[in-house]
């Protein structure tokens, strides 16, 4: 009986050691992310209408009246211009990048939660004290519930990115603006 208990104890210790070496720590994940960011190339300069010099005003047609635009035309142009300026390349890039950053943060948080759940599961198995086991079990259940919530947030962020891409497609935005 004693030999069986010792063998079981040694097997559990080996399992814990293997489980701890297989899951990366939060520090290791941060180092990986930092290395990934260093490896990214900076995007090429994209020229917009704002970068171009203003064009000279068009010459009025010959033989016509001196007033070529009506007040109604000027109001239409004034109404159009702010809408175009609001949704320029920078606006679209900012919008899609915010959605992608939110998704990335949630994915990293989900990885950290999964690591915590794995650690709590290991601690739960290795505890003999019923009070400690109950406390660890509660913590693990809370982490599992939080992981489910975060996975829902990830799904919503993916849907938001798809919606932004579809809206941009319908608005005739060049695909390069969303990269």
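Considering 167, 138, 146, 162, which residue is out of contact with any strand residue (DSSP E or B) (no Cβ under 7 Å at 6 or more places or on another chain), surrounded by fewer than 16 Cβ atoms within 10 Å (Cβ to Cβ), in contact (Cβ under 8 Å) with a residue 24 or more places away in the chain and in a helix (DSSP H, G or I)? Outline the logic, then answer.
Working: 167 fails: in contact (Cβ under 8 Å) with a residue 24 or more places away in the chain; 138 fails: in contact (Cβ under 8 Å) with a residue 24 or more places away in the chain; 162 fails: in contact (Cβ under 8 Å) with a residue 24 or more places away in the chain.
Selected residue: 146, the only one of 167, 138, 146, 162 that is out of contact with any strand residue (DSSP E or B) (no Cβ under 7 Å at 6 or more places or on another chain), surrounded by fewer than 16 Cβ atoms within 10 Å (Cβ to Cβ), in contact (Cβ under 8 Å) with a residue 24 or more places away in the chain and in a helix (DSSP H, G or I).
Can residue 133 be described as more than 30 Å from residue 173 (Cβ to Cβ), buried (at least 16 other Cβ atoms within 10 Å of the Cβ), touching a helix residue (DSSP H, G or I) at 6+ places or on another chain (Cβ under 7 Å) and modelled with pLDDT of 90 or more?
In short, no.
So is residue 98 loosely packed, with under 15 Cβ neighbours inside 10 Å and within 18 Å of the chain's Cα centre (by Cα) or not?
yes
Regarding residue 110, is this residue buried (at least 16 other Cβ atoms within 10 Å of the Cβ) and at pLDDT 90 or above?
The answer is yes for residue 110.
Please determine, by comparing only the residues of segment 42-57 that are assigned to a loop (DSSP other than H, G, I, E, B) and surrounded by 10 or more Cβ atoms within 10 Å (Cβ to Cβ), which one is modelled with the highest pLDDT.
Restricting to residues being assigned to a loop (DSSP other than H, G, I, E, B) and surrounded by 10 or more Cβ atoms within 10 Å (Cβ to Cβ), the top hit is 48.
The values are calculated or read from the model by the stated rules, or taken from the named source; none is laboratory data. If you're wondering where the values come from, they're calculated on a predicted model, not measured in any experiment. In this analysis, Cβ positions are derived from the backbone assuming ideal geometry, glycine residues included, and neighbour counts consider all displayed protein chains.
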